Amino acid sequence: MIALPTRKQEAWRYSDLAAVARHWPVAVEPIVVPAGNSHADIIITDAASPAIRHLAISVGAGSTCRYTIIDGGRDYGRIALDVTLHDGADFQLGCVLIGSAAQTIELVTTVRHVGPGATSRQIVRAVAGGSATTSYLGQVAVAREGQKTDASQSFKAILLNRGATANAKPELEIFADDVKCAHGAAIGELDRNALFYLTSRGIAPAQARALLTRAFLSDALDGLDEATTEALDAAISARLEAAA
Amino acid sequence: MLIIENLCAEVDGKPILKGLSLTVNAGEVHAIMGPNGAGKSTLSYVLAGRAGYEVTGGSVRFRGEDLLDKAPHERAAAGLFLGLQYPVEIPGVSNLLFLRTALNAQRTARGEAELSGSEFMKIAKAAAERLGLPYDMMKRAVNQGFSGGEKKRNEMVQMHVLQPWLAVLDETDSGLDIDALRVVSDGINAMRSPDHATLLITHYQRLLDYVVPDHIHVLMDGRIVHSGGADLAHRLEAEGYAALAA
């Protein structure tokens with residue numbers, strides 16, 4: 001059995017270790033996308049979801065894989081994605097993390113480009129209210145064989161409350177010399193000018209904040225069809241209401 | 001409509017408005033002119049209720065009610081509109097969603113029924129057409145990627161959709177070329193009626209050639225130092241503010 005993680009381990013430094021102990025050990029869920037296939041999945045969590053999930057995803061040559069994650073509504077939540085991309089494979093991740101009260105919500109990704117010409121794009125948006133902690137630890141590892149890799153990760157977080165926390169830990173490990181790897185992280189608050197603008201037009205402050213917060217998250221849902229976006233909207237709204 | 005009495009306000013502890021009095025009646029268009037730093041924008045923000053603009057004295061009554069008692073969104077629902085000098089960009093929120101949310105929030109606050117999607121669309125389309133804003137821009141994120149002129153037109157579209165009793169327009173003419181100025185002026189003139197009023201805040205007499213005000217006031221150092229008719233604009237243009245203050 002794998003030993004219980006400790007704070008000294010990089011990938012667990014922002015965790016709620018007491019909660020982790022209650023849910024340990026965690027079985028790794030293998031997901032294989034065979035060469036030339038496409039796979040898409042949506043994960044929406046709530047209080048009844050398993051606290052910790054660890055997916056090991058292998059995306060075969062020329063395949064595409066897309067994950068959309070709405071993580072919130074639970075005291076402790078951690079989703080770890082270990083993604084291995086073979087020749088010309090494509091991985092897309094759109095993730096929304098919503099923390100309220102004293103919740104800890106974490107996303108930990110490792111994307112390995114082991115073959116040439118693979119692409120990966122991760123867009124993670126986090127909202128933390130109360131004294132919640134939202135964390136994104138994202139590693140992109142490009143092997144020597146991973147020439148022409150095109151990888152990007154973008155993390156932005158908004159803190160709705162002074163007591164809330166967001167952690168960002170982008171990490172690149174590159175052994176090939178002809179690659180494009182972009183990463184960006186930003187943590188801030190709702191734009192005061194925009195809030196004033198909305199209220200000056202008659203929108204009550206709570207509704208204005210909700211509108212701006214929802215808009216902030218929209219990058220993570222880019223490219224989904226309208227019906228899917230609408231369905232996700234309901235889940236997002238409910239979780240945002242708790243965080244507001 | 002609007003009665004401002006001896007209004008004092010400060011920003012970051014610094015007094016900006018120092019006993020400003022002004023009365024605007026229904027059906028009237030007033031213009032406030034004045035040099036940089038006189039307190040013109042502060043006045044507009046104080047009226048709209050922006051945080052950080054602290055009223056330290058005086059009173060403002062709007063349609064018989066204490067305006068300063070109300071939160072910004074309540075002032076809007078009561079029929080006050082502020083046209084911003086620098087309209088804000090809001091990524092991820094479309095113009096139509098923004099405006100529909102605002103209009104229905106105001107209607108709900110006034111105890112009126114919300115408009116349906118199609119009812120709203122009709123109003124928004126008509127307003128955009130009138131102000132020469134391509135309807136496609138109504139579907140885009142609020143002011144994002146808009147030119148200076150387009151942002152100001154968008155303010156006017158909002159004003160036409162929201163139909164406020166009093167529009168306070170802060171330097172709505174700045175950054176406009178002649179054609180845009182004409183369109184925006186037509187938009188302001190179209191709001192003129194015995195029931196509505198407009199308070200124009202401007203640097204230049206140019207706008208006042210198109211929107212001829214009933215009264216012009218000169219604001220200097222936080223007070224109205226001079227009031228007159230429409231002809232005052234040309235005198236100011238020729239002689240400057242300093243001559244008037246002397």
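Annotation for segment A:153-173: at least one member residue is over 30 Å from A:Asp90 (Cβ atoms), touching a residue at least 60 places away in the same chain (Cβ under 8 Å), more than 14 Å from chain B (Cβ to nearest Cβ) and small (Gly, Ala, Ser). All told, A:Gly146 falls short of being without any contact (Cβ under 8 Å) to a residue 24 or more places away in the chain, crowded, with 18+ Cβ neighbours inside 10 Å and in a loop (DSSP other than H, G, I, E, B). Here B:Leu47 meets the list (1) within 12 Å of chain A (Cβ to nearest Cβ); (2) touching a residue at least 40 places away in the same chain (Cβ under 8 Å); (3) surrounded by fewer than 17 Cβ atoms within 10 Å (Cβ to Cβ) almost entirely, failing just condition (3).
Scanning for something farther than 18 Å from B:Asn95 by Cα and among the basic types (Lys, Arg), does segment A:190-203 turn up at least one residue? For segment A:190-203, residues farther than 18 Å from B:Asn95 by Cα and among the basic types (Lys, Arg): present.
Restricting attention to segment B:92-143, the residues that are touching a strand residue (DSSP E or B) at 6+ places or on another chain (Cβ under 8 Å), modelled with pLDDT of 95 or more and surrounded by fewer than 16 Cβ atoms within 10 Å (Cβ to Cβ) total 0. A residue that is within 14 Å of another protein chain (Cβ to nearest Cβ) and among the polar types (S, T, N, Q) can be found somewhere in segment A:176-199. The residue list A:Ala151, A:Ala157, A:Ala118 contains one member that is more than 23 Å from A:Pro34 (Cα to Cα) and not charged (D, E, K, R), which is A:Ala157.
Just to verify a result, which residue in segment A:200-241, among those that are within 14 Å of chain B (Cβ to nearest Cβ), over 22 Å from A:Ala164 (Cβ atoms) and among the polar types (S, T, N, Q), is surrounded by the most Cβ atoms within 10 Å (Cβ to Cβ)? My answer is A:Ser200.
One line per residue, one yes/no per condition, for (1) within 28 Å of B:Pro213 (Cβ to Cβ); (2) away from chain A (no Cβ under 14 Å); (3) without any contact (Cβ under 8 Å) to a residue 12 or more places away in the chain:
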{"site": "B:Glu28", "(1), (2), (3)": "yes, yes, no"}
{"site": "B:Ala31", "(1), (2), (3)": "yes, yes, no"}
{"site": "B:Thr56", "(1), (2), (3)": "no, yes, no"}
{"site": "B:Ala71", "(1), (2), (3)": "no, no, no"}
{"site": "B:Gly79", "(1), (2), (3)": "yes, no, no"}
{"site": "B:Gly83", "(1), (2), (3)": "yes, no, no"}
{"site": "B:Gln106", "(1), (2), (3)": "yes, no, no"}
{"site": "B:Ala109", "(1), (2), (3)": "no, no, no"}
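The set of residues in segment B:85-104 that are within 19 Å of the chain's Cα centre (by Cα) and at the interface with chain A (Cβ under 10 Å from one of its Cβ atoms) comprises B:Tyr86, B:Pro87, B:Val88, B:Glu89, B:Phe98, B:Leu99, B:Ala102, B:Leu103. Could you tell me whether any residue of segment A:58-65 is touching a Gly at 6+ places or on another chain (Cβ under 7 Å), polar (S, T, N, Q) and at pLDDT 95 or above? Among the residues of segment A:58-65, at least one is touching a Gly at 6+ places or on another chain (Cβ under 7 Å), polar (S, T, N, Q) and at pLDDT 95 or above, which makes the answer yes. Total residues in segment A:19-36 satisfying the condition of being in a helix (DSSP H, G or I) and either surrounded by 13 or more Cβ atoms within 10 Å (Cβ to Cβ) or touching a residue at least 24 places away in the same chain (Cβ under 8 Å) (or both): the figure is 4. Can you tell me which residue within segment B:196-211, out of those that are surrounded by fewer than 22 Cβ atoms within 10 Å (Cβ to Cβ) and either aromatic (Phe, Trp, Tyr) or at pLDDT 95 or above (or both), is farthest from B:Ala243 (Cα to Cα)? Checked segment B:196-211; the qualifying residue farthest from B:Ala243 (Cα to Cα) is B:His196.
Looking at B:Thr23, B:Thr42, just one residue is within 19 Å of B:Leu80 (Cα to Cα), free of Cβ contacts under 8 Å to residues at least 24 places away in the same chain and of a type outside the set (A, V, I, L, M, F, W, C), and that residue is B:Thr23.
Within the option set B:Gly149, B:Gly92, B:Gly132, B:Gly111, being within 26 Å of B:Asp173 (Cβ to Cβ), of a type outside the set (Val, Ile, Thr) and not in a helix (DSSP H, G or I) holds for one residue only, B:Gly132. The set of residues in segment A:2-13 that are assigned to a loop (DSSP other than H, G, I, E, B) and either closer than 15 Å to A:His54 by Cα or at pLDDT 95 or above (or both) comprises A:Ile2, A:Leu4, A:Pro5. Among the residues of segment B:124-159, those identified as within 13 Å of chain A (Cβ to nearest Cβ) and of a type outside the set (Lys, Arg) are B:Ala141, B:Val142, B:Asn143, B:Gln144, B:Asn154, B:Glu155, B:Val157, B:Gln158, B:Met159.
The values are calculated or read from the model by the stated rules, or taken from the named source; none is laboratory data. On a predicted model such as this, the values are computed, not experimentally measured, just so you know. Cβ atoms come from the backbone with ideal geometry, glycine included; neighbour counts cover every protein chain shown.
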